[in-house]
1. Remind me, relative contact order of the range 7-78 in percent, using alpha carbon pairs under 8 angstrom and six or more residues apart?
2. Given a 10 angstrom Cα cut-off, can you work out which residue in G55, G16, G29 is the most mobile in a GNM of the chain?
3. Relative to the first principal axis of the alpha-carbon coordinates of the chain, what is the inclination of helix 19-28, with its axis defined by its Cα atoms, in degrees from 0 to 90 and to the nearest 10?
4. Rounded to whole Å and ordered largest first, report the semi-axes of the equivalent ellipsoid of the chain derived from its Cα gyration tensor (root of 5λ).
5. Starting from the Cα of R15, step 7 Å along the direction of its Cβ; do the same at M57; then give the gap between the two resulting points in nm.
6. In whole Hz, what ³J(HN,Hα) sequence does the range 32-38 give by Karplus (6.51, -1.76, 1.60; θ = phi - 60°), x for Gly and Pro?
Amino acid sequence: MHPMYLPGVEQSEPRGAYADAIRGMRAAGAPVPQIMHLFAFKPERTQFLSQFTHGVMRGPSPLSAGMRELIAAFTSKRNECLF
């Protein structure tokens, strides 16, 4: 995964709801999605975006959660963005 444009965000100690997941990925040598770095950098600022995203992807919808994930993955691929 390419490094972020904001290395201070990527290299900071993660906080909030994403902190344990980031630490686990780092310990396993797995790449950490850049959006997770942003959510963990200032969790008090990103909690509403996280809640919104969770609602869109997991809330009531005529589309299953799996179909929404597939659409998101397809869109990311089309935008040459690692999902």
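1. Result for the range 7-78 is 26 percent.
2. With Cα springs under 10 Å in the chain, the top fluctuation among G55, G16, G29 is at G29.
3. In the chain, helix 19-28 runs at an angle near 80 degrees to the longest axis.
4. On the way: eigenvalues 112, 55, 28 Å².
In descending order the semi-axes read 24, 17, 12 Å.
5. In this crude spin-label approximation the distance works out to 2.3 nm.
6. 9, x, 4, 4, 5, 4, 5
Only the coordinates and a few stated rules stand behind these numbers; no lab work does. Note that the structure is a prediction, hence the values are computed from the model and not measured. FYI the Cβ positions are ideal-geometry reconstructions off the backbone, even for glycines, and counts take in every protein chain you see.
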